[in-house]
Every structure is written in structure tokens, then in C-alpha cells.
Amino acid sequence: MGDGSPCRSALPAQDVSLVDVVSRDIAASAAELTADGHVEAVVVAPPGYVPLDLIPGLAGCPALSVVSSVALVDATTAFEDLDGCDSFAGRGLAVPRLGRTVPAALVDQVERAEVVALAATDEIDVCDMLQLDTLVRRLNPTARPVTVVGRATPASDILASAGPDGGAGYDEIGSHRHAGWLRMLGARTADDLPTSEVGITATVLAARRPLHPQRLHDCMDGLVAGVVRSRGWLWLASRPDQRMAWDHAGRGLTLAPDGYWPAVDTAPADHRAACPGWDPYYGYRVQELALIGLHADPAALTRIFRSCLLTDAELALGEDSWHELPDPFPSWLPDLNG
């Protein structure tokens, strides 16, 4: 969104927090409040916590039933929060997980929520409000939005948006399916993608051929220019067996190992025709990135992405030669052929 460069991370952040302790304490307090069966408790997560930090502890208490997850977004700071890579520790707040950034927590909360409440909407202009509302709908197309005038509203009004009787119950495991980026990757054609609206763009970058590791490394800043959120999977020519997970929010970008691709020849003959994701040459290996932007240029993003793919000449050299390509990324996983 801004002119600054993304903050890159080579490996996923390690959990060195008190998440489990906090979750158990909150669950115990909520259970005590609802012990007589006549009280509904609204759990307000500490700053920086996301649903998966607390819900397992709450769901593990027989006396409690998690009916919904609500993301509360401050309309006056949302764009600023998304246009950076501030950490919670840097803001003087307790950090639930080492390395978690403000934009990463914000998009995680919105993507997994059943209700998104936009607070203080009366303090921003109409154009910004339209953009924020559209952005939230792109991040989570299934969430029910609630507009809050001012900075206070009865919790019952927000919970009523969860549906009859407060919702049918929050699906912790399936909550990731709300994410707009995942739905974008599942679109069958370009016509199925959300259209550009009030400056909010939706772009899917996809290819079969591998990425040149050095060119990708050099173009990472360009691939997130004007992009608020991007997510997907990649594979590099120099390490063709490894699946790479791309996770970006604001200016925080992580490229990390995500296991191995299934071997090209592992699919039985009778399975290949029934599996549209399988290719006789590449197997299941594929480049898939979903990008949600604010005034991003989808054509420019596509050009940058395609410039990172192997050329026809490089592709023709074969996998033995690809291993010799300059690769500035860390050696996360052992090479299956090494």
C-alpha cells in the first residue's frame, strides 16, 4: 500500500508465548460466569490474539459453547495498521506469539470471523468507508458486516448478527475456509473472481512452470506493490520437490517450507484423469498466488510474476540444470534427490 519495502521473514515465527496459559485462564473465568446456565459471556481477546489462540481452550471446557467469532476493526486506524509491519511488542503490548505483526493479526482475525464489526465509521469520510467495507468483504466474503457509529455498542447488537440464537456454533477447523484468498484460488475462471471496486483489486497469479529463485527473490517487493494481502503456494526450479508457502499481510512477507510435492509418478493411472490438479509433466506442482490490493495494478503484478518464471530455454535444460541456478533462499528442507 505504501512506498516502503516488505519486511521479509525466512521462517515461520516460533511460539514462545503464554497463549495456552491465557486461554485456560479465560476459559476458567468464562465457565465460572456461566455456571448457572443463565449468563452469556462475551470474551474479548487481548490485543494481538487471534481466534485459534483462544478457541481451543474455550471449546475444551464442557460448560462452554463457542457460538461465534467477531472481529472488531477500528475504521480510523485500519488502513494504517495494514500498511506496515509493526509488531505488538513494538507498540508496548504483550506479545502472544513471537514475531506476529499487527497486519498479520488483523487479517487473521477478519478472515476467520463470522461477524466483522467496523467501529468509529462516523470518524472517517465516505470514500474511505466504502473502501474499508469492500476490503473487508474481499478478505472474508462470508462474514456478516456490522457498522458501528462511535466507539461503543451493546454486545448483544453485534452477536445478533451471528444469526438466530447467536449462531449455530463456531467451526474452529473450518474457519480458514472463510478467507477470501482461498476462495479466489478456487475460482474456476477469471469471471468468478471479484471485480475491481473502489480501488480494491483481486488478482490470481497461476502457472505450472517453475520459478527462477534469483529472479523471484529480486522481484518480491514488486509482487506485493499495492497489495494488502496475498497468500498461496510456489515451487522453485532449484528445489523442485519442495512446496513453498507464501504468506503476506501489510508489509510483512513470509516465504516458508510447506512440505514436499507428491512425486510426479505417484498417481495411479486410474486416478490421473479424475484429478484436475495433476499434470503428466509437473505432477501436482503449481504456482498459485491470490492477491488482494488497494490501488494495485493487476497487469503489472502479472508481468512481474511471469518474468520470474523459467524461460522456454531454461525449461528445456531440465531439472538437473535447474539445481545449479543461483538460489539466495535458505536451505529449509533436505533435497529429496540430494
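Every number in this text was worked out from the coordinates using simple rules, so none of it is lab data. Only a predicted model underlies this, so the values are computations on that prediction, with no experimental measurement involved. With ideal geometry, Cβ positions are generated from the backbone for all residues, glycine too; neighbour counts draw on all protein chains shown.
In nm, to one decimal, how far is the modelled label at R303 from the one at L52, with both set 7 Å along Cα→Cβ?
In this crude spin-label approximation the distance works out to 3.7 nm.
For the pair D192 and D128, how long in nm is the line joining their label points, each one 7 Å along Cα→Cβ?
Spacing of the two 7 Å Cα→Cβ label points: 3.7 nm.
Give, in nm to one decimal, the length gained when the segment between D157 and H323 is fully stretched (0.36 nm per residue of separation minus the Cα-Cα distance).
Numbers: separation 166, 0.36 × 166 = 59.76 nm, distance 5.80 nm.
Contour length minus Cα-Cα distance gives 54.0 nm.
What order do you get for 286-292, 142-148 when each peptide is scored by the mean count of other beta carbon atoms within 10 Å, highest first? It would help to have the intermediate numbers written out before the result.
Values: 286-292: 22.6, 142-148: 17.7.
In descending order of packing, they fall as 286-292, 142-148.
For a protection proxy built on the mean count of beta-carbon atoms within 10 angstrom, sort 235-242, 306-313 highest first, please.
Values: 235-242: 21.9, 306-313: 13.8.
Going by the mean number of other Cβ atoms within 10 Å, highest first, we get 235-242, 306-313.
Quick one: Cα centre-to-centre distance for region 67-132 and region 191-245, in angstrom?
Between the Cα centres of region 67-132 and region 191-245 lies a distance of 24 Å.
Give me the distance in nm between label points sitting 7 Å out from Cα along the Cα-to-Cβ direction at T142 and T77, one decimal.
Reported label-point gap for T142 and T77 is 3.0 nm.
Efficiency by 1/(1 + (r/R0)^6): what FRET value for H295 and E32, r their Cβ-Cβ distance, R0 = 45 Å, to the nearest 0.05? All intermediate terms of the calculation are to be shown ahead of the outcome.
Details: r = 49 Å, r/R0 = 1.09.
In this case the efficiency is close to 0.40.
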